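This report refers to the structure that appears directly beneath it.
The values are calculated or read from the model by the stated rules, or taken from the named source; none is laboratory data. It should be emphasised that the depicted structure is a prediction, and the values quoted were computed from it without experimental measurement. Positions of Cβ are backbone-derived with ideal geometry, glycine not excepted, and every protein chain shown enters the neighbour counts. Ligands, DNA and RNA are stripped out before the accessible areas are found, and what is left, the full protein with its side chains, is counted by its heavy atoms. Shrake-Rupley method; radii C 1.70, N 1.55, O 1.52, S 1.80 Å.
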Amino acid sequence: MSEQYDLVVIGSGPAGYVAAIRAAQLGLKTICVEKWLDAAGGACLGGTCLNVGCIPSKALLDSSYKYHESLAELAVHGIQLDSSALNVAAMQGRKEKVVRQLTGGIAGLFKANGVTPLAGAGKVLSGPRVEVTTAANEVSVLETKNVIIAAGSVPMEIAPAPVDNEFIVDSTGALEFQEVPARLGVIGGGVIGLELGSVWRRCGAEVVVLEALDDFLPMMDVAVAAEAEKIFTKQGLDIRLGARVTETTVADGQVAVTYHCGEGEHREVFDKLIVAVGRRPRSEELLSADCGVGMDERGFIHVNDFCETDARNVYAVGDVVRGPMLAHKGSEEGIMAVERILGKHAQVNYETIPSVIYTHPEIAAVGKTEQELKAEGIVHKSGVFPFAASGRALAANDPTGLVKILADRESGRILGCHIVGPSAADLVQQIVIAMEFGATVEDIGITVFGHPTLSEAIHEAALAVDGKAIHIANRRRK
């Protein structure tokens, strides 16, 4: 008789490894199946986020910004460098070291908590059971009481720009450049395109971003999106909206891109082209025909609000299910699934999940945008505070951007917060906590904030909602 598990987790990204660790902490006999292999042929833990996504991109973003600072930002502080050179190999080496440290950390956490890692591709069978196929094509079946599917996502492809991993690359390939391209094209002006475009622009590349949509960052609040577009354009990103790519040709070591914009057809030639048009769920060969788990036409696994699939005792979390593809969203879903397996009352508040773009300045948001509130007919009010009026931002020579807070007009309950500016990712978390507890702008307004801090911008934006800001002139209220 084969070994029986309480839980099999398919995928070891942020949704999967967090679920596996929490399950083991709560006493479940847990195994985590991962198809990616490390150099030794074992399970390469961490998924897209740690290996080719969040972590390596942030390492390059930070390294490239320090290089940019040495060229353009330090003189104002009285720091004069005789020269500044970029060593791409060293930058990439640091990135790899960070990745190895974190993925190795997960292996250590698995060992400490009693999670068994298993290298192989998992497929959900009826029962539930999980079939595992190794790289050597050896097949085994795991007997289990419960399954959590956390298989993650992969970059989307488009027919006019087939990835060849040399001249036309996806987001993974864009993290591996060994030299700075003189001219870089980016298809897609979303989170991934802007972050990767920013890395190589800071390093000296001429960057053109081709975005098919007519609006810049339409998922963000319109005021923040407009401010961000101005900032990025000033930084040298050539952002072309309404630009639909129709053809690419690789010849003589370059990529020729044809695209339609407005009424005309245009052509640009690049040394490298990044295809960053989004991601899709990694759901191929994941489900047997009789397992009972449903999937939509786009490959997303069907789940309810508690991440339960159509099959009994089978859950799906993270990028393979509805909602934004965010590591922290997947992690919380993984914890919720485990706790519900054990009969606990657990849920995720999808209204307070923050999103971040790690450009400089950062862009961060939680809750509703103003355009969403208007479309839903929700009567609201707003307050805005610019970082140009922040003493801490000015002292740091980083005064670009703004904070915008939206609140219910009658109750003052906070409905959303949108930031473009320094440390936006950390600042927005203050409002995430406030919204989780149902706070009002008055609650933020009467809270004492340290001075001088960037957080004071949150305080002032909350005060501005009711025309009470101190450090800017308040708008007249009707």
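With a cut-off of 8 Å between alpha carbons and a minimum separation of six or more residues, what is the relative contact order of the chain in percent? Walk me through the numbers before you get to the answer.
Numbers: 1038 pairs, mean separation 65.4, N = 478.
Result for the chain is 14 percent.
Using a 1.4 angstrom probe with every protein chain in place, what is the largest-first accessible-area order of ASP252, ASP271, ASP310, ASP164? Please list the in-between numbers first.
Working: ASP252 155, ASP271 45, ASP310 90, ASP164 65 Å².
Final ranking, largest accessible area leading: ASP252, ASP310, ASP164, ASP271.
Work out the length of the dipole vector of the chain about its Cα centre, built from +1 on the beta-carbon of each Lys and Arg and -1 on the beta-carbon of each Asp and Glu, and round it to the nearest 20 debye.
Details: 43 positive and 60 negative charges, 217 e Å.
Using Cβ point charges on Lys, Arg, Asp and Glu, the chain gives about 1040 debye.
Output the pairs from LYS35/LYS272; LYS368/LYS404; LYS95/LYS230; LYS58/LYS95; LYS58/LYS234 with a Cα-Cα distance over 18 Å in this structure; if there are none, say none. Before the final figure, lay out the partial values.
Numbers: LYS35/LYS272 29 Å; LYS368/LYS404 11 Å; LYS95/LYS230 30 Å; LYS58/LYS95 9 Å; LYS58/LYS234 22 Å.
In this structure, LYS35/LYS272; LYS95/LYS230; LYS58/LYS234 exceed 18 Å between Cα atoms.
For the stretch 261-332, what is the accessible area per residue in Å² when the probe is 1.4 Å? Don't jump to the answer; show the numbers that get you there.
Numbers: 3710 Å² over 72 residues.
Each residue of the stretch 261-332 exposes 51 Å² on average to a 1.4 Å probe.
At a 1.4 Å probe radius, carbon and sulfur cover how many percent of the accessible area of the stretch 192-261?
Working: 1420 of 2900 Å².
Ligands and nucleic acids excluded, carbon and sulfur give 49 percent.
Per residue of the chain, what 222 nm ellipticity follows from adding -39500 (n - 2.57) for every DSSP H run with n ≥ 4, rounded to the nearest 500?
On the way: 13 runs with 147 residues, N = 478.
About -9500 deg cm²/dmol.
On the accessible surface of the stretch 61-111, probed at 1.4 Å, how many percent belong to carbon and sulfur atoms?
Numbers: 1740 of 3280 Å².
Carbon plus sulfur share of accessible area: 53 percent.
FRET efficiency for LYS97 and THR453, Cβ-Cβ distance as r, R0 = 30 Å, nearest 0.05?
Numbers: r = 32 Å, r/R0 = 1.06.
Calculated transfer efficiency: 0.40.
With a ≥ b ≥ c the root eigenvalues of the C-alpha gyration tensor of the stretch 207-248, is it rounded (a/c under 1.5), prolate (a/b larger than b/c) or oblate?
Numbers: a/c = 3.73, a/b = 1.41, b/c = 2.64.
The shape class here is oblate.
May I ask for log10 I(q)/I(0) of the chain at q = 0.10, 0.14 Å⁻¹, from a Debye sum over the Cα atoms as equal point scatterers with solvent left out?
For the chain, the Cα-only Debye profile gives -0.85, -1.41.
Of all DSSP beta bridges in the chain, what percent run antiparallel (nearest 5)? Kindly include the intermediate steps, with their values, before the conclusion.
Numbers: 54 of 87 bridges.
The antiparallel fraction comes to roughly 60 percent.
Would you list, by chain and number, the aspartates and glutamates whose Cα falls below 20 Å from the Cα of LYS145, excluding same-chain residues fewer than 8 positions away?
In chain and number order, the partners are GLU3, ASP6, GLU34, GLU131, ASP290, GLU308, ASP310, GLU333, GLU339.
I'd like the Kirkwood hydrodynamic radius of the stretch 4-55, using the inverse of the mean 1/r over distinct C-alpha pairs, in Å.
Numbers: mean 1/r = 0.0881 Å⁻¹.
Radius from the Kirkwood sum: 11.4 Å.
Once you sort the root eigenvalues of the Cα gyration tensor of the stretch 1-130 as a ≥ b ≥ c, which label holds: rounded (a/c under 1.5), prolate (a/b larger than b/c) or oblate (the other case)?
Values: a/c = 3.74, a/b = 3.07, b/c = 1.22.
Here the stretch 1-130 falls in the prolate category.
Take each uninterrupted DSSP H stretch in the chain, measure its Cα extent along the helix axis, and return the ones at 24 Å or beyond whose mean Kyte-Doolittle hydropathy is at least -0.5.
On the way: long enough: 54-72 (26 Å, -0.18); 88-113 (38 Å, -0.02).
Both cut-offs are met by 54-72, 88-113.
Sorted by average packing, counted as other Cβ atoms within 10 angstrom per residue and highest first, what order do 107-119, 177-189, 79-91, 19-31 take? Provide the component values of the computation, followed by the final result.
On the way: 107-119: 16.9, 177-189: 20.6, 79-91: 10.5, 19-31: 22.2.
Per-residue mean Cβ counts within 10 Å order the peptides as 19-31, 177-189, 107-119, 79-91.
Under 17 Å from the Cα of LYS468, which aspartates and glutamates turn up, not counting those fewer than eight places away in the same chain?
Those aspartates and glutamates meeting the cut-off are ASP408, GLU410, GLU442, ASP443, GLU456, GLU460.
Let me make sure I get this right: for the stretch 397-478, a, b and c are the square roots of the gyration tensor eigenvalues over alpha carbons, sorted descending. Under 1.5 in a/c it's rounded, otherwise prolate if a/b > b/c, else oblate. Which is it? Write down the numbers at each step before the final one.
On the way: a/c = 1.60, a/b = 1.18, b/c = 1.36.
It comes out oblate by the Cα gyration axes.
Probe of 1.4 angstrom, ligands and nucleic acids ignored: what's the accessible area per residue over the stretch 131-203, in square angstrom?
On the way: 2870 Å² over 73 residues.
Normalised by residue count, the accessible surface of the stretch 131-203 is 39 Å².
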